[in-house]
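Quick notes on the structure that follows.
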Amino acid sequence: MNDTTVTVVGNVATNVDYRETASGGVARFRIAVTPRRWDRQSASWTDGYTSFYTVVAWRTLAINLAGSVSVGDPLLVHGRLRIREEDRDGYRTTDPGGPRNGQREGQRRTFVDIEAVAVGHDLTRGTSAFRRVVKAAPKATEPVRERPVQREVLPVGEPLPESSGPPPAEVREGVQPQVAAAPF
C-alpha cells in the first residue's frame, strides 16, 4: 500500500476524546505544530504559522493515549497522512457523484488527519516515566504458553536444599528444573 507517512512534533491542543466502538477503542485529539526559525535581522527566534492536525488512534494506542496525554504536552506523532475536503455545511466535495453531485456551495474546508501508528512525548522538552501496560488474562480461545521455570544457581560449596515433596505446580512435562550440581 502506498500511504504517505509523516512524523510531526508539536503540542497537544485539545483533550483526548476516547470512545468505544464495535471494532475497539478510538481516540481523537488535535496537535498544534508551530515552526520556529532564527531571524537574522532581529537576532531572535520567531514563530511561523501554526498548523493543526487531527490525530486518530485505534485500539491499544487509543487507550494508552487517553491515560497518558493532556493539553499542552509536547508530542511526536508518527502515522499515515489523510486529507479530506468538505463544504462548510459538512458535504464532501471530493466525490463528484455525491449528494451534491460535485457542486460547491458555501465555503470549502480542508482537513488534515493523521492516523497514528506511534505517539510519544518529546523528551527534548522534558522527562517522561514509562509504565508498561499489563495485559488482561488470556481468553479461553487463546493457547496458554508454557513459561520456562526459573532456575536457581547455588554458589559452589553450598549444600543442596532439602526437597520437601513433589516439584512445584509450575513444572510441567518436558520442562525440568535445573538443580545445582554438587561440587566434585
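Taking amide H atoms as placed 1.01 Å from N in the peptide plane, list the residues 5 or more away in sequence, or in a different chain, whose amide H sits under 5 Å from that of Asp122.
Those lying under 5 Å, H to H, from Asp122 are Leu75, Leu76.
Which value in nm describes the separation of the simple spin-label points at Tyr18 and Arg131, placed 7 Å from the Cα toward the beta carbon?
1.1
For Ala32 and Gln107, FRET efficiency with R0 = 25 Å and r from the beta-carbon atoms, rounded to 0.05?
Values: r = 22 Å, r/R0 = 0.88.
With a Förster radius of 25 Å, E is 0.70.
Just to confirm the filter: which trypsin sites (Lys or Arg not before Pro) across segment 5-64 are DSSP coil and have at most 15 other Cβ within 10 angstrom of their Cβ? Kindly include the intermediate steps, with their values, before the conclusion.
Numbers: sites: Arg19, Arg28, Arg30, Arg36, Arg37, Arg40, Arg59; in loops: Arg40.
Within segment 5-64, the qualifying trypsin sites (Lys or Arg not before Pro) (loop, at most 15 other Cβ atoms within 10 Å) are Arg40.
If you roll a 1.4 Å probe over segment 40-84 with all protein chains in place, what percent of the accessible area is carbon or sulfur?
Of the solvent-accessible surface of segment 40-84, carbon and sulfur hold 53 percent.
The values are calculated or read from the model by the stated rules, or taken from the named source; none is laboratory data. All figures in this text were calculated on a predicted structure; none of them were measured in a lab. Every residue, glycine among them, receives a Cβ derived from its backbone with ideal geometry; neighbour counts consider all protein chains shown. In case anyone asks, the SASA skips ligands and DNA or RNA and just uses the protein heavy atoms, side chains included. Shrake-Rupley method; radii C 1.70, N 1.55, O 1.52, S 1.80 Å.
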